[in-house]
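S.K.: Structure incoming, see below.
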């Protein structure tokens, strides 16, 4: 297995090639370098951030696991699944919906990948005191909810008459809503916005919306380095926003040295998922375009811990993962049978192993310059 530094250099070179930085402006290339440097600082700061920002390295560590886990039945999986990949959106009826909101790394993988990676992020959050639940109980709740949900046809989390506990966690205060818009308005105008991104942003805004500014935004951890542009527009008395983020194929293609079109796998995964789709999400021409708003957000873990909802949230995550796997698994009943013969506590023990590997890898990183 290559070491982390070599893998990181290789992956970032692949990113630059796929983003075609040779054709970029000097300012765009400078922003790429600055974003990568910021990513290095972020992943060196905590194990949770390291997990989020290094899916390419996770694929290397994955090869060290027991063959029963590595060779589990394959399906179109989320890939880079973790606690921060759950959020809220509006469907075509305007209903508030909760679920996995980032599938950039979707790829054909063992179905166990999503379970182990999600449980590893839970393990790290518990270690940090950010989630009020014991490790082993979290693993049991997650796996139990996932297995049970695989027996059904899907259970979307529409936060209307049901799931009021989750809706309360998702609601945004007036102060937080104002801060969201204030933070966007502070961003610098972008004079180097890529034409394809600018065109898509305008296409995805509401009819009659008047674009006031297009700004550059640095966000995320794993996606740092990809250009992000936000169109801020006035529409019927208030601000609205759309973000365009450059799409890349999954890091699994980097590792296997194979080619794929950006957005192909994410589009297929979302199309087949058993849930209420995000009406404002658009994947096209190498970009991911989505609505930005105060309510389109992830639920903060501190809010979950304060309300004593950790076990309930973990169960909901297991059900939501099944909502995605039910759409892409060739034989959901086969997944349940596979899980029945797995050793007791396999998920907790594997997550602990991966969490320790992450801590070791992060500790071995060279100090950021």
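The values are calculated or read from the model by the stated rules, or taken from the named source; none is laboratory data. Computed from a predicted structure; not experimentally measured. Quick reminder, even Gly has a Cβ in these numbers, built from the backbone with ideal geometry, and neighbours come from all protein chains shown.
S.K.: Of all residues in segment 35-59, which are over 17 Å from residue 9 (Cα atoms) and over 18 Å from the mean Cα position of the chain (by Cα)?
M.R.: Residue satisfying the conditions is 45 alone.
S.K.: Looking at segment 335-351, is at least one residue without any contact (Cβ under 8 Å) to a residue 40 or more places away in the chain and surrounded by 13 or more Cβ atoms within 10 Å (Cβ to Cβ)?
M.R.: Yes, the conditions are met somewhere in segment 335-351.
S.K.: So which of 254, 287 is buried (at least 19 other Cβ atoms within 10 Å of the Cβ) and over 17 Å from the mean Cα position of the chain (by Cα)?
M.R.: 254
S.K.: While we're here: In segment 246-296, how many are over 26 Å from residue 216 (Cα atoms) and part of a loop (DSSP other than H, G, I, E, B)?
M.R.: Residues meeting the conditions: 9.
Listed here are the residues, each with its yes/no results for (1) free of Cβ contacts under 8 Å to residues at least 24 places away in the same chain; (2) surrounded by 20 or more Cβ atoms within 10 Å (Cβ to Cβ); (3) within 14 Å of residue 287 (Cβ to Cβ); (4) within 22 Å of the chain's Cα centre (by Cα).
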{"position": "216", "(1), (2), (3), (4)": "no, no, no, yes"}
{"position": "234", "(1), (2), (3), (4)": "no, no, no, no"}
{"position": "237", "(1), (2), (3), (4)": "yes, no, no, no"}
{"position": "243", "(1), (2), (3), (4)": "no, yes, yes, yes"}
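S.K.: Being closer than 23 Å to residue 265 by Cα and part of a helix (DSSP H, G or I) is the requirement here; does residue 335 meet it?
M.R.: yes
S.K.: Here's a follow-up. For residue 183, work out the one condition from (1) within 22 Å of residue 280 (Cα to Cα); (2) in contact with a strand residue (DSSP E or B) (Cβ under 7 Å, 6 or more places away or on another chain) it doesn't fulfil.
M.R.: Unmet for residue 183, out of (1) within 22 Å of residue 280 (Cα to Cα); (2) in contact with a strand residue (DSSP E or B) (Cβ under 7 Å, 6 or more places away or on another chain): (2).
S.K.: What are the residues in segment 145-187 that are in contact with a helix residue (DSSP H, G or I) (Cβ under 7 Å, 6 or more places away or on another chain) and part of a helix (DSSP H, G or I), if any?
M.R.: 145, 146, 147, 149, 165, 166, 169
S.K.: A further question follows. Which of the numbered conditions does residue 37 fail, given that it passes all the others? Conditions: (1) farther than 26 Å from residue 114 by Cβ; (2) in contact with a helix residue (DSSP H, G or I) (Cβ under 7 Å, 6 or more places away or on another chain); (3) at pLDDT 95 or above.
M.R.: Result: residue 37 passes all but (2).
S.K.: Oh, and also: Say whether the condition of being at pLDDT 95 or above, outside any helix (DSSP H, G or I) and within 15 Å of residue 363 (Cα to Cα) is met by at least one residue in segment 49-65.
M.R.: yes
To keep it simple, each residue is scored yes or no on (1) surrounded by 17 or more Cβ atoms within 10 Å (Cβ to Cβ); (2) modelled with pLDDT of 95 or more; (3) touching a strand residue (DSSP E or B) at 6+ places or on another chain (Cβ under 8 Å).
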site	(1), (2), (3)
8	yes, yes, no
22	no, no, no
31	yes, no, yes
41	no, yes, no
44	no, yes, no
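S.K.: Only residues that are over 16 Å from residue 274 (Cβ atoms) and surrounded by fewer than 17 Cβ atoms within 10 Å (Cβ to Cβ): list them for segment 151-161, please.
M.R.: Answer for segment 151-161, where residues must be over 16 Å from residue 274 (Cβ atoms) and surrounded by fewer than 17 Cβ atoms within 10 Å (Cβ to Cβ): 160, 161.
S.K.: Continuing with this model, one more query. Against the definition (closer than 18 Å to residue 69 by Cα and under 20 Å from the mean Cα position of the chain (by Cα)), how does residue 347 come out, yes or no?
M.R.: no
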